[in-house]
1. Give me the percent of the accessible area of the chain that comes from carbon and sulfur atoms, probe 1.4 Å, all protein chains in place.
2. Which of the helices in the chain meet the span-like rule: DSSP H, Cα axial reach of 27 Å or more, Kyte-Doolittle mean at least -0.5?
3. Lysine pairs in the chain with Cα distance under 22 Å, only those 8 or more apart or on different chains: how many are there?
4. Relative contact order of the chain: what whole-number percent is it, with Cα pairs under 8 angstrom and at least 6 residues apart?
5. Pick out which of GLY211, GLY133, GLY253 has the largest mean-square fluctuation in a Gaussian network model of the chain, springs linking Cα atoms closer than 10 Å.
6. Considering only the other residues whose Cβ falls under 10 Å of the Cβ of ARG203, what net charge follows from Lys and Arg at +1 and Asp and Glu at -1?
7. Label-point separation (nm) for VAL164 and ILE266, each offset 7 Å from Cα along Cα-to-Cβ?
8. How many angstrom separate the Cα center of the range 4-40 from the Cα center of the range 51-78?
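The values are calculated or read from the model by the stated rules, or taken from the named source; none is laboratory data. Remember, predicted model here, so these are calculated numbers, not experimental data. Every residue, glycine as well, gets a Cβ built from its backbone with ideal geometry; the counts of neighbours run over all protein chains shown. Just the protein is used for accessible areas: all its heavy atoms, side chains included, with ligands, DNA and RNA removed. Shrake-Rupley method; radii C 1.70, N 1.55, O 1.52, S 1.80 Å.
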Amino acid sequence: MLGSLSGTLSESGVSLIFNVFCGVILNASIGLSNQINGALSGFIAGFQTAFKPQIVKTYAAKQRQDFHRLVCRSSKFSFFLFFLVSVPVICNMDYILHVWLVEVPQYACTFSRIILLGSLIDAMSGVFYSAIGATGKIRNYQVAITSVFVLHIVVTWVLLDLGVAYEYVFLSRIFTRGILNFLVGLYFLRKVANLQYSEYLSRTFVPIVKGSLIPFLIVILLVCLFDSGSVGKVVLNTLVFEIASVVFIVRYGLSPNERDRILSVIKNKIKK
């Protein structure tokens, strides 16, 4: 109940605070960014739901190594899937919004990019809820993330009251509901499920950096060199990004066992 209420309060509360300080026009930009994020994040939520039964099953069976491996794998795969979907949208957001809306609300592009970057972090930590829930020890975790969500509202209010630029105020979402929420989840995974930081770092975070950093820099460079002002340029930088991402993710982001299993599934599908 606490987690659900705090999530709703954070979304609605921040919109209300922006409305008080900035008016309804800026609120429209926030609503638009939430709509875009919801459309893309729904795909990852469905993917993580598929992992939940196995996570609960391995913990209940006291298969701790398999449980830890599954949590790390789910977190990593969730990030990679959202990375492949969201980064082309982030980089071409300005063009996409102008084609979609013609008249784009002020700050809509900036807010949409910020919220999608935050959701990249959420993609990693989304599985934490299922993993900690499998242990049955959810009280302290829920209280902690509720505090983080309330902190997001407080920080937003304080920064707006101080007159900080709107884009920097909205950026606080990444540090509170994104990074801080991720660290809280990782702490409780270690506390209640004995998942060591070093294990998560080596199995999830390091492969994510290896598999995503270079493709991300490539698409940023392409967007800077070739302004995405036409369909052809958007298709070109998206295609180059996707190819580079798949190559780096398969080569550096997956373990040999994961790579062999995925390739085996692909080969079986082709044969059919």
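1. Details: 9410 of 14040 Å².
In the chain, the share of accessible area belonging to carbon and sulfur is 67 percent.
2. 2-22, 24-60, 64-91, 108-135, 139-161, 206-225
3. Summing the qualifying lysine pairs gives 12.
4. About 24 percent, as a whole number.
5. GLY133
6. Values: positive: ARG69, ARG73, LYS76; negative: GLU199.
Summing Lys and Arg as +1 and Asp and Glu as -1 gives +2.
7. Each label point is offset 7 Å from its Cα along the Cβ direction, giving 4.3 nm.
8. 33 Å
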